[in-house]
Amino acid sequence: MIRLKKTKSLIGRPKFKVENIVASADLQLDLDLYSIAFKVYDVEYEPEQFPGAIFKMKEPRSSLLLFKNGKIICTGCKNEKEVQTAVNKTQKMLFTYAKNIRKKSKASFVIENIVASANFAVMLDLYGIASSVHDVEYEPEQFPGAIFKMTDPIKSSLLLFKNGKIICTGCKSEKQVQTVLNKTAIILEKYASPLEEKKE
């Protein structure tokens, strides 16, 4: 019986860093955005340009869109703990200015999107990937990266760069990000080559 030697994967199990989380929450409040923008220094409201007010929080560093029906969108946090802290602080601040409090309980949030970055630490043949892998677009004269639109197991979009760097969007949990990157690594393995060593 001949045993085939197992070749080591060039990419391996990808590690990633969360760059941004977009989350939504319903604070169960009716808000007077004009009054809030007038009284709270870090809130901007220009209804002729956008129907929501923008609250820039310093800690955790984030931006929150506030709507008069009490719904908010939080962006800029790097993990779920930061999102919950931002939502809690916003809710506490807005209780003072609410026209009506429909429900006075701690607001929960829903993650709408996670933007994550990864480095596969390989050179990727983007032309080969675009010509052979389904749902990949690559037009280098317009953009230096290829766009991979994954539908299974999780609907997501990935930017692929020839130096092995990846941007993943569309996932709603860190577990989903890992699943998508694991599958991407398997698909891209045959188009990967070792990174060229920089000459001194």
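The values are calculated or read from the model by the stated rules, or taken from the named source; none is laboratory data. Everything numeric here is computed off the predicted structure, so don't read it as measured data. Note that each Cβ is placed from the backbone with ideal geometry, even for glycine, and that neighbours are counted across all protein chains shown.
Entry remark, region 150-198: residues being within 13 Å of the chain's Cα centre (by Cα) and under 13 Å from Leu124 (Cα atoms) number 2 in total. Looking only at region 6-35, count how many residues are touching a residue at least 40 places away in the same chain (Cβ under 8 Å), more than 11 Å from Gly70 (Cβ to Cβ) and not β-branched (Val, Ile, Thr). Going through region 6-35 one residue at a time, the tally reaches 14. Restricting attention to region 23-41, the residues that are part of a strand (DSSP E or B), of a type outside the set (D, E, K, R) and either at pLDDT below 90 or surrounded by fewer than 18 Cβ atoms within 10 Å (Cβ to Cβ) (or both) total 1. Just one residue in the set Ile54, Ile72 is free of Cβ contacts under 8 Å to residues at least 40 places away in the same chain, surrounded by 13 or more Cβ atoms within 10 Å (Cβ to Cβ) and either in contact with a Leu (Cβ under 8 Å, 6 or more places away or on another chain) or more than 30 Å from Ile154 (Cβ to Cβ) (or both); that residue is Ile54. Pro153 meets all of the listed conditions (1) surrounded by fewer than 16 Cβ atoms within 10 Å (Cβ to Cβ); (2) touching a Ser or Thr at 6+ places or on another chain (Cβ under 9 Å); (3) at pLDDT 95 or above but one, namely (3). Highlighted here are the strands (runs of 3 or more DSSP E) found entirely within region 57-153 that include at least 1 residues which are in contact with a strand residue (DSSP E or B) (Cβ under 8 Å, 6 or more places away or on another chain) and under 14 Å from Thr184 (Cα atoms): 109-119, 122-124, 146-150.
Every residue, every condition in (1) out of contact with any Gly (no Cβ under 6 Å at 6 or more places or on another chain); (2) within 16 Å of Ala37 (Cβ to Cβ), yes or no:
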position	(1), (2)
Phe67	no, yes
Lys71	yes, no
Cys74	yes, no
Asn79	yes, no
Lys89	yes, no
Met93	yes, yes
Lys99	yes, yes
Lys103	yes, no
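Evaluating Ile101 against the criteria (1) in contact with a helix residue (DSSP H, G or I) (Cβ under 7 Å, 6 or more places away or on another chain); (2) within 30 Å of Val43 (Cα to Cα); (3) surrounded by 16 or more Cβ atoms within 10 Å (Cβ to Cβ) leaves one unmet condition, (3). Scanning region 165-200 for residues that are touching a residue at least 60 places away in the same chain (Cβ under 8 Å), buried (at least 17 other Cβ atoms within 10 Å of the Cβ) and not in a strand (DSSP E or B) turns up Lys172, Gln176, Val177, Gln178, Leu181, Thr184, Ala185, Leu188, Tyr191. Look at (1) part of a loop (DSSP other than H, G, I, E, B); (2) surrounded by fewer than 19 Cβ atoms within 10 Å (Cβ to Cβ); (3) in contact (Cβ under 8 Å) with a residue 24 or more places away in the chain and you find that Glu48 fails only one, number (3). The one condition from (1) assigned to a strand (DSSP E or B); (2) under 30 Å from Gly70 (Cα atoms) that Ser157 does not meet is (2).
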